[in-house]
Amino acid sequence: MIQKIIFAGFGGQGVLFAGKTLAYAGMDAGLQISWLPSYGPEMRGGTANCSVILSDQPIGSPVITTPDILIAMNKPSLEKFENAVVPGGLIILDSFLIDKKVARDDVEAVYIPAKHLAGEAGNENLGNMVMLGAALKHRQMLQIEMVYKSIEEHTPKSRAALAELNKKMIDIGYSR
Amino acid sequence: METVFDRPHALSDVTLSYCPGCTHGIINRLVAEVIDELGMEGKTVGVAPVGCSVTAYNFFECDMQEAAHGRAPAVATGIKRVHPDHLVFTYQGDGDLAAIGTAETVHAAARAENISIVFVNNAIYGMTGGQMAPTSLVGQVTQTTPYGRKVENQGYPIRMSEMLSTLQGAAYIERVSVDSIPNIKKAKAAIKKSFQCQLDKKGFSMVEVLSTCPTNWGLSPEEALKWLRENMMPQYPLGVYCDRLQEEVEK
Amino acid sequence: MEKKVLMKGNEALAEAAIRSGCRFFFGYPITPQTELAAYMAKQMPKRGGTFLQAESEIAAINMVYGAAGAGARVMTSSSSPGISLKQEGISYIAGADLPCVIINIVRGGPGLGGIQPAQSDYFQATKGGGHGDYHLLVFAPSSVQEMADLIGTAFDKADQYRMPAMIMGDGMLGQMMEPVAFQEERDPSSLPEKPWATTGTMMKRKKNIINSLYLTPEELENLNNDRQKRYQTIMENEVRVEEYQTEDAELIFVAYGTIARITMSAVNMLREEGIKAGLIRPITLWPFPTEAIYARAAAETSKAFMAVEMSQGQMIEDVRLAVNGKKPVYFYGRNGGMVPDQEAIVKQAKQYICK
């Protein structure tokens, strides 16, 4: 099993954190994982992305040229990575923020108004977690309980409320 | 019989490498006397520069490090951070401190790095045979200014004491000279004040010592002292440029 | 070993250094090693250490010189252009026989180059870098865990042989997160004594001098020769190398660091296609695993070697010297911040094999 996921969006949308959450869950599940952010002036320009690989084999390159899953939280990210996704791959986009459809017909496209749903549930900045929930629903990478347990494990006790909120947001994406 | 004059303990019993008539030897001795008087030899680490005093690590009895050209304040910083209660001093010439090591000097002062610098200014590169220094005077003839230092080509000499005194991190800066007995006494008092400033954890201090280079100035030792008084002192007035020893150290 | 955590390579290096007893860090900001200095800035004050941002890389390495000479376990970190600036200090540190650790999170060059991962500082790291006859111990980890493991080794070996050690990573290893487990923390006061250091004579011993100046040629030559003898001992005892599937391999890759892990994936792909490939991964770049490579080159089974690097071909020179003409040595590399994937390596390898 190997899953290559790119999380992409604007800085501040929490794409790096969403990737980290998945990476931690993968690690706790006993998988090999890698997490690689974009860095440098690119970060200043407003777009951010990270590459997460989950695998049952040692991971060679942490660089993802052909993702199995693309989680796009803004239009430039969709435009940048759409054509790189493997045939049969999955593209999840925040339809509240991106007024565009996936042009390819050889990939599975999921539209989810993540920012809107997160706002309804109490914090519109947690669309990243809603998107992660959707990815976990559409691809069998990890048991959802495993992910929740991992979040509890790696959130400082002082911020337990935040962990609960993150789980709630993942559940929204997962249950939809 | 009573001993009325002796080598300071902190000054090693070796032949100094300076030219005859050069005032470096006096300054070395003053530093050693002060170390003795403060009773700090066992807890002192000195840093020698590149220049005429490059082998100064052989001249003092305390632990010594030899630094790369201009980097003595950075090396001293490393030592001081490891041994904050030790006395750490650098002994540097004008090329070392005011040309290649300007950045290290300025930033050690700006950081209020709790070290002492003995800055020997003789307005020339002595070790390499008499080239223009950053402190060479306008019109001064050197190997690399054979027609005299010209403002339109080489600009102006740097007054380090004045410049560093503008920095908040500097606690004590004084310019002295070793051209006469009274001035030698004042120079020693300044070095002692600088070292005491460090022991009191007041921050950065520097004593600039106007010094002669008879060999490369092409003068006799006596003429050199006269030249220092007549030419260097007007450009580099003696005195205390910065004294924040009475101020509370801002934290 | 403690529980695994997810950490960036840069942060893992910093944490592991502190756990190895390092309490002094002098640095200057540069991408892509920034997280290392930031981690030190945050942790050192809490753990009884000193973090100082110097005015330049030159000042930073000279602060390392001073602190190392004063007996401390000390390190600095930078990336390629900054490491070039440090070369003067590194030469002096080697000349004064001082132990320290220098991190180079390599980026593409020359000049300002780029900020993406590269291995184009191999010559600089292994063939001197600064002036004079000297070497650094050079460690090339290929995972975040190995970064954490090797830094303690680097400090210990630097102390043992009284010489600077370098950890050569790259932008990818520095930036990526992987699970990592750390060794138990060591108390700095439990580290071996350094009787040669300038700790103050306390009027109880003769003075110590830290110095690299020797104006008598005979004296300098003798000292240099003694150092070369030490280097010889190191070449005999400190080589670290990993071999993967080399036993029956016909095509043997030689790669280190980031590109080695990618090459390992390429070996697996080739094996699935029935091509007997293997990998020799130097973990120490100096001393270089010459004997391990020669042994495979001299064996009947091997047909060809291929150096894979994120440079225009630097380590290949040491591979060729090691293979010593026994087998052809091919090259595949990308540079300037390009990181080839396993498919590209496989494709290139097949071209050579089909020749």
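The values are calculated or read from the model by the stated rules, or taken from the named source; none is laboratory data. Bear in mind that the values here come from a model prediction, so they are computed numbers and not experimental data. Positions of Cβ are backbone-derived with ideal geometry, glycine not excepted, and every protein chain shown enters the neighbour counts. Keep in mind that these areas ignore ligands, DNA and RNA; they rest on the heavy atoms of the full protein, side chains included. Shrake-Rupley method; radii C 1.70, N 1.55, O 1.52, S 1.80 Å.
Side notes on the structure shown:
- Radius, Kirkwood style, for the protein assembly as shown when every pair of distinct Cα atoms is counted (Å): 29.2
- Based on alpha carbons, the Rg and Dmax found for segment A:2-174 are 14.9, 46 Å.
- Mean sequence separation of contacting Cα pairs (under 8 Å, at least six apart), scaled by the length of segment A:73-176, corresponds to a relative contact order of 23 percent.
- Inter-part distance where segment B:203-237 and segment C:263-323 are each reduced to a Cα centre, Å: 64
- Binning all Cα-Cα separations of segment B:24-250 at 5 Å, short to long from zero, yields these whole-percent fractions: 1, 7, 16, 20, 22, 16, 10, 5, 2, 0.
- Cα-centred dipole magnitude for chain C, charges only on beta-carbon of K, R (+1) and D, E (-1), debye, nearest 20: 400
- Pairwise label distance in nanometres, C:N237 with C:Y352, each label 7 Å out on the Cα-Cβ vector: 3.5
- Pairs of Cα atoms farther than 25 Å apart, segment C:242-353, %: 10
- Surface composition of chain C: carbon plus sulfur atoms contribute 50% of the solvent-accessible area (1.4 Å probe, protein chains only, all chains present).
- With every protein chain in place, segment B:25-94: carbon and sulfur % of accessible area (1.4 Å): 51
- List of segment B:65-80 residues, accessible area with partners at least 30 Å² below that of the chain alone (1.4 Å probe): B:Q65, B:E66, B:A68, B:R71, B:A74, B:V75, B:G78
- A/C buried area, accessible surface, summed, 1.4 Å probe, Å²: 1700
- Candidate aspartates and glutamates for bridging to C:K157, where Cα separation is under 17 Å - those fewer than 8 sequence places away on the same chain excluded: C:D97, C:E146, C:D149, C:E193, C:E236, C:E238
- Among C:205-214, B:84-93, C:179-188, the peptide with the highest mean count of other Cβ atoms within 10 Å heads the list, and the full ranking is B:84-93, C:205-214, C:179-188.
- Extending 7 Å from the Cα toward the beta-carbon at both A:K157 and B:A110 defines two label points whose distance is 4.5 nm.
- Considering only C:A197, C:A72, C:A165, the Gaussian network model of chain C with Cα springs below 10 Å gives its largest mean-square fluctuation to C:A197.
- Bridging of B:K188 to aspartates and glutamates at a Cα separation below 14 Å is possible for B:E33, B:D36, B:E37, B:E174, B:D179, B:E208, once same-chain residues fewer than 8 apart are set aside.
- Label sites at C:K46 and A:H116, each approximated as a point 7 angstrom past Cα along Cα to Cβ, lie 4.2 nm apart.
- Chain B and chain C together bury an accessible surface of about 2600 square angstrom, both sides counted, with a 1.4 Å probe and no ligands or nucleic acids included.
- Zone of C:L215's modelled label, taken as backbone nitrogen in segment B:46-64 under 12 Å from a point 7 Å along Cα→Cβ: B:51-59
- Residues of segment C:61-87 that bury at least 30 Å² of accessible area once all protein chains are present, compared with their chain alone (1.4 Å probe, heavy atoms only, ligands and nucleic acids left out), are C:N62, C:M63, C:Y65, C:G66, C:A70.
- Remark on B:V141: its backbone amide H falls under 5 Å from those of B:R149, a criterion applied only to residues 5 or more positions apart or on other chains, H modelled at 1.01 Å from N.
- For the residues of C:324-334, the average number of beta carbons from a partner chain within 10 Å of their own beta carbon is 0.
- Protection-proxy order for peptides B:151-160, A:19-28, A:131-140, C:322-331, each taking the mean of Cβ atoms within 10 Å per residue, highest first: A:19-28, A:131-140, C:322-331, B:151-160
- Vicinal HN-Hα couplings computed from phi for segment B:9-20 (Karplus, 6.51 cos²θ - 1.76 cosθ + 1.60; Hz; Gly/Pro x): 4, 6, 9, 5, 7, 9, 7, 5, 8, 6, 5, x
- Partner lysines whose Cα lies under 19 Å from the Cα of C:K4, excluding those fewer than 8 positions away in the same chain, are identified as A:K20, A:K149, A:K157.
- Whole-percent pair-distance distribution, where bins are 20 Å wide, for the alpha carbons of chain C: 30, 56, 13, 0
- The convex hull drawn around the Cα atoms of segment B:140-213, when projected onto a plane and averaged over every direction, covers 6.5 nm².
- Average beta-carbon neighbours from other chains, 10 Å sphere, peptide B:35-43: 2
- Heavy-atom accessible area per residue - segment C:259-302, 1.4 Å, Å²: 35
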